[in-house]
1. Testing the spin-label approximation: label points 7 Å from Cα along Cα→Cβ at A:Lys42 and A:Asp121. State their distance in nm.
2. Beta carbons within 10 angstrom, averaged per residue: use that to sort the peptides A:8-19, B:3-14, highest first.
3. Once the dipole of chain A is set up with Lys and Arg at +1 and Asp and Glu at -1 on Cβ about the Cα centre, which of A:Ala96, A:Leu28, A:Gly165 lies farthest towards its positive end?
4. Take peptide A:15-21, look around each residue's Cβ out to 10 angstrom, count Cβ atoms belonging to other protein chains, and average those counts.
5. Tell me the net charge near A:Ala167. Cut-off is 12 Å between Cβ atoms, A:Ala167 excluded, with +1 for each Lys or Arg and -1 for each Asp or Glu.
6. Please report, as a whole percent, how much of the solvent-accessible surface of the range A:262-342 comes from carbon and sulfur atoms (probe radius 1.4 Å).
7. What order do you get for A:290-297, B:72-79 when each peptide is scored by the mean count of other beta carbon atoms within 10 Å, highest first?
8. Just give the residues from the range A:25-60 buried by at least 40 square angstrom of accessible area in the all-chains context relative to the isolated chain, probe 1.4 Å, and say none if nothing qualifies.
Amino acid sequence: MAKGLDCGTSFYITATEDRIKKQRNAFLTVDGEVTQVKRMLKRQGIPFVEKNKKIHIVGQHAFNYAQIFSTAELKRPMKSGLLNPQEKDALPVLNAIIGELLGDAVGDETCVYCIPSKPIDAKRETSYHEDVLKTIIEQYGYRVKVIEEAVAIGYEGLVDNQLTGVAISMGAGMCNIAVMYQGMTALSFSVSRGGDWVDECVSTDTGVSKAKVTNIKESSNTLNLAKGVYNDIYEEGTEESNVLIAIRSYYGALINYLLTNLRVQFEGIDNVPNFPDPVPIVIGGGTALVKGFLDVFNEQFDQTEFPIPVSEIVLIEDAHTAVARGCLSEAQLVEEDEEDND
Amino acid sequence: MIEEFAFYSLLLWQIGIISYILLNKFYGRNPKKIIKTSQLTAVEVDLPKKSIEHVDINMKKNILMEKANVSNLKTDEVIKGKVNTQKNKLKKLRGL
């Protein structure tokens, strides 16, 4: 059975034809005597990973712990869309997460996973990240293929426009962009800012911990970025209202940064495809899930400055799983192609 | 007047002859060696038509990784049901 895997900074998501599985990509190292800690966690049914005499709580449980205990440091195996160089225990945790989501392959199964495009604002390559993920997935017996994250968004959002347009994946660690023309990628790059950058900036400006900001952003019923919906900063002095207003402000800054860089990159390349007709911009990814996201995007978007005529700006249905579903489509076609060849 | 002219003329001739003899004596035997130096000059050539580019190589993929000891790890969220994709449209676009 074909599988698509979205290897995100905040979530790992797999898609198969009959289900979608999500695992928060975070962990928390528990101090204390190993045997005693293991016994306690097992008794409470809390999942953990043991490596080199260290115990790590993995996934949503780790996230929940970090909300409760402000001193507990939530660790991330990935940062800015790539493997976290500061996190020595990242690989065993990632291995455990991927193993749980994919399981062992049965027969000749194909897994298509995604990697970010090369970032233009960070001195990082994607080769090592790509190889590590490939090695882990192959350990579970899969045939592996890799595609760019924004291209996966294009496979979900641009099929009704001959795979022509701009695909944007708004992730936690970074934003990925691909300009596609007739299925080919004319330009692709990433910027190392995403939902995490918003959270960090909001945390710095409001004095609320980053984990708490993330939680408010993901679960607040009152968060709506649409103009006029948020409360007046002087009316409400509560911590949450300050956070919500700051989130809106930084979402605007993030989208502005993204669109400005897209325009500059587009001006700098040769052989720019000529788009005679207006093309859509399609957006996916978890950072785009927040209510009113498109309002902020439209506020920042200026057709007169944008290098391509744009017909519409669309948020893909179920934006959080769009990358995984794009990977799944590719995996299914690979398997069908191989069956036909056999 | 003519005598004075003849006297000064003779004196000047003598000074000239003596100077010639003396200069010839000191420098005539060791004439200055004139070394012809050739100044190196660049010769303009046409640049190669193809610009010089680096050749990229693949990284050697030899990553060893041990599996960790995992206990009771469960997926945070499972959404069961048919997953909608654009596979058929994608297949048609590719002409498969």
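The values are calculated or read from the model by the stated rules, or taken from the named source; none is laboratory data. Note that the structure is a prediction, hence the values are computed from the model and not measured. No Cβ is skipped: glycine too gets one built from the backbone with ideal geometry, and neighbour counts run over all protein chains shown. Each accessible area value is taken on the protein alone, full model and side chains, heavy atoms only, with ligands, DNA and RNA left out. Shrake-Rupley method; radii C 1.70, N 1.55, O 1.52, S 1.80 Å.
1. Placing both labels 7 Å along Cα→Cβ, they lie 4.7 nm apart.
2. A:8-19, B:3-14
3. A:Leu28
4. Numbers: counts 4, 1, 5, 4, 7, 7, 6.
Counting Cβ atoms of other protein chains within 10 Å of each residue's Cβ and averaging gives 5.
5. Every neighbour counted, the sum reads -3.
6. The C+S portion of the solvent-accessible surface of the range A:262-342 is 41 percent.
7. Most protected by this proxy first, the peptides run A:290-297, B:72-79.
8. Checking the loss per residue gives A:Pro47, A:Phe48, A:Glu50, A:Lys51.
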